[in-house]
Structures are given as structure tokens and as C-alpha cells.
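Notes follow once the structure below has been shown.
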């Protein structure tokens, strides 16, 4: 998150959620947000931010608590192993960490540190990245309610790579009412982030979301796809929309995270008609508004 974003989320933290969401939507799309009768995917995600606030969602988005949640739902062995949890960046004991590891904040996605060789790690730079991440708030700036009550912490996870030997592709499964619809594959995240979208039968889809598609790049169907889909059904059950993210390591799936608002409901669809096509798939539930 940029310094400008950090300042804005502090300045506007007293603006009520509904006008803030309307302002953000207009600033992205230059059109009014229809909350009374939302039609598109992005509009319905804004509605869900404001009117579908289940306590379980906080646990599902917390990158530490999510691991216990997934284990309860689908059994042990399907989350990236946890190496440590700290309430403060200054509490991290780097001496006790292995030579390779990943550090991240439990409530943030930008402040990620991947260490492939601890002997070359700039510890002070790492701490600064994590301190900034600890200050970020997806609730304050984007009004993603599930993050409102996530306690900011730092976690260390086991370093893992897929068959490439150099990276982990993200397999992000879009689920509607507990049923997978498509799989977004994120790859080359740190050298020119790319995304392709596939049907459940692993055919390249005709639309892109937030990043241009790269049909010239052939992504093999992960061997554990059916297991991923099975797990996604369990983890998304009872939710109008949720995205369940997986890694594939030596043919085994690992849940990376659970997301309710991809691109925070400001994603760009090409062609644009898919904003409405996916929007039609979200059946809005009865309102649940949390009490502070």
C-alpha cells in the first residue's frame, strides 16, 4: 500500500462505510454505485461489504487463523506449515528461522518477504517492509468488513516452490454458492505478474480480470485440480461468493488464502460483459450487519 493510501485511510477513517464505498466505486469506474439493485460482480461485492458481515469471515481472511479453520473443515496437511507468529515485528527471532522462509502480515497482502537465503537477508529492510504492512488496513481504505477485527500479526511460513523450482503459481477458484465456476492462475508474480483464467475442464476462458490474459503461455492443469475443487466446495459452502486460493507442491494442494473481495470489487473485466455475467451468478443473501 502506498504512502498516499496510508495517509488517506487515516484521514477518511471517520467517513461512514456506505458513502466511502460509493466514493471509491465512483473514483474507479466514473459511475454511480447501484446498491439498491446491484447487477454486476463489482457492484454486488460492494453490497456484500456493507450488508453481509458474518463473524466467521474474520477468521477466514486472517492468514494465521485461516490455517486452523481450513484444518477443521478439511483435515490436516493442507495449509502451508507455520514456522512462527509474532505480535510485533521486533519480536521476530531470525536466528531461530530456517535458511528459507516467507514472512507476511496476517491482515495484509502487500508486505510479503520471501527469503531464499537467510545469509543474504537484509533484516532491517525486512523489518521496515513488515512495519509498513502492519499499519495497513483493508477495512479502513476499502471497507472490507472481514478485516476490521483481524489482529495484525506477523507470521513465518515454510518456503515452498512448485514444479518450476522457482515459484508458486496461485490457483484461485471462484466459487458461487459453494460451487466452483472457474480457476484463475497467477504466475510470474515477481517478474511481470500474469493471469490466465480456465474452465473447470481446463480450457482457456475468453475473458481477463484485472490483468491481461496470456494465451501464449500454456499452463498445465495441476494434477490435484479435482482435490482443489472438492476442497473449494467445502470451504465456500454457504457463501454467495468466495475465492479459495491454492498452491500445488509435488502434486499436493495447499490452501493459500480465502478471499471475499478480489480487487476489492474494483476489478476490470475484458470484455466488460463478464462483470455482469459473474454478477448474475451472485445470489444476494439476507442482510447480516455486524454490531460493533
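The values are calculated or read from the model by the stated rules, or taken from the named source; none is laboratory data. Not measured: the values here are computed from a predicted model. Methodologically, a virtual Cβ is constructed for each residue, glycine included, from the backbone with ideal geometry; neighbour enumeration extends over all protein chains shown.
Residue 150 - would you say it is farther than 25 Å from residue 272 by Cβ, in a loop (DSSP other than H, G, I, E, B) and modelled with pLDDT of 95 or more? Explain how you work it out, then say what you get.
Numbers: farther than 25 Å from residue 272 by Cβ: yes; in a loop (DSSP other than H, G, I, E, B): yes; modelled with pLDDT of 95 or more: yes.
Yes.
I need a count of the residues in the range 164-200 that are assigned to a loop (DSSP other than H, G, I, E, B), closer than 19 Å to residue 225 by Cβ and in contact (Cβ under 8 Å) with a residue 40 or more places away in the chain.
Residues in the range 164-200 being assigned to a loop (DSSP other than H, G, I, E, B), closer than 19 Å to residue 225 by Cβ and in contact (Cβ under 8 Å) with a residue 40 or more places away in the chain: 3 in total.
Which number in (1) over 17 Å from the mean Cα position of the chain (by Cα); (2) over 30 Å from residue 43 (Cα atoms) marks the one condition that residue 237 misses?
(2) is the only condition that residue 237 fails.
For the range 220-229, what are the residues that are buried (at least 17 other Cβ atoms within 10 Å of the Cβ) and either touching a strand residue (DSSP E or B) at 6+ places or on another chain (Cβ under 7 Å) or in a loop (DSSP other than H, G, I, E, B) (or both)?
222, 224, 227, 228, 229
Just give me the residues in the range 13-36 being in contact (Cβ under 8 Å) with a residue 40 or more places away in the chain and closer than 17 Å to residue 145 by Cα, in sequence order. Even if it seems obvious, please write down each step before you answer.
Applying the first criterion (in contact (Cβ under 8 Å) with a residue 40 or more places away in the chain) to the range 13-36 yields 13, 17, 20-21, 24-25, 28-29.
Matches in the range 13-36: 13, 17, 20, 21, 24, 25.
I'm checking my understanding of the structure. Among residues of the range 259-282 that are in contact with a helix residue (DSSP H, G or I) (Cβ under 9 Å, 6 or more places away or on another chain) and in a loop (DSSP other than H, G, I, E, B), which one is farthest from residue 185 (Cα to Cα)?
Per the stated criteria, the residue is 282.
Given the options 144, 157, 179, name the one that is in contact with a strand residue (DSSP E or B) (Cβ under 7 Å, 6 or more places away or on another chain), modelled with pLDDT of 95 or more and either under 27 Å from residue 57 (Cα atoms) or surrounded by 21 or more Cβ atoms within 10 Å (Cβ to Cβ) (or both). Quick ask: steps written out before the conclusion?
Values: 144 fails: in contact with a strand residue (DSSP E or B) (Cβ under 7 Å, 6 or more places away or on another chain); 179 fails: in contact with a strand residue (DSSP E or B) (Cβ under 7 Å, 6 or more places away or on another chain).
Step by step, each of 144, 157, 179 is checked, and only 157 is in contact with a strand residue (DSSP E or B) (Cβ under 7 Å, 6 or more places away or on another chain), modelled with pLDDT of 95 or more and either under 27 Å from residue 57 (Cα atoms) or surrounded by 21 or more Cβ atoms within 10 Å (Cβ to Cβ) (or both).
As an exercise: evaluate residue 58 against (1) buried (at least 19 other Cβ atoms within 10 Å of the Cβ); (2) within 22 Å of residue 278 (Cα to Cα) and give the number of the one condition it does not meet.
With (1) buried (at least 19 other Cβ atoms within 10 Å of the Cβ); (2) within 22 Å of residue 278 (Cα to Cα) applied to residue 58, the lone miss is (2).
Keeping to the range 153-163, report how many residues are part of a strand (DSSP E or B) and farther than 14 Å from residue 117 by Cα. Outline the logic, then answer.
So in the range 153-163, the residues part of a strand (DSSP E or B) come out as 154-158.
Now restrict to residues that are farther than 14 Å from residue 117 by Cα: 154-157.
Residues meeting the conditions: 4.
Among what's in the range 61-76 and is without any contact (Cβ under 8 Å) to a residue 12 or more places away in the chain and in a loop (DSSP other than H, G, I, E, B), pick the residue that is surrounded by the fewest Cβ atoms within 10 Å (Cβ to Cβ).
76
Would you confirm, using the coordinates I've provided, whether residue 109 is modelled with pLDDT under 95, surrounded by 14 or more Cβ atoms within 10 Å (Cβ to Cβ) and either out of contact with any helix residue (DSSP H, G or I) (no Cβ under 7 Å at 6 or more places or on another chain) or farther than 24 Å from residue 248 by Cβ (or both)?
So residue 109 fits the description; yes.
Determine whether the range 256-272 contains at least one residue that is over 17 Å from residue 41 (Cα atoms), out of contact with any strand residue (DSSP E or B) (no Cβ under 9 Å at 6 or more places or on another chain), loosely packed, with under 15 Cβ neighbours inside 10 Å and free of Cβ contacts under 8 Å to residues at least 40 places away in the same chain.
no
Kindly evaluate residue 124 against the criterion of being within 16 Å of the chain's Cα centre (by Cα), at pLDDT 95 or above and over 30 Å from residue 252 (Cα atoms).
It is false that residue 124 is within 16 Å of the chain's Cα centre (by Cα), at pLDDT 95 or above and over 30 Å from residue 252 (Cα atoms).
If you go through the range 118-132 one residue at a time, do you hit one that is touching a residue at least 40 places away in the same chain (Cβ under 8 Å), at negative phi, in a loop (DSSP other than H, G, I, E, B) and touching a strand residue (DSSP E or B) at 6+ places or on another chain (Cβ under 7 Å)?
Checked against the condition, which is being touching a residue at least 40 places away in the same chain (Cβ under 8 Å), at negative phi, in a loop (DSSP other than H, G, I, E, B) and touching a strand residue (DSSP E or B) at 6+ places or on another chain (Cβ under 7 Å), the range 118-132 yields no hits at all.
Kindly evaluate residue 244 against the criterion of being under 24 Å from residue 214 (Cα atoms), in contact with a strand residue (DSSP E or B) (Cβ under 6 Å, 6 or more places away or on another chain) and surrounded by fewer than 21 Cβ atoms within 10 Å (Cβ to Cβ).
no
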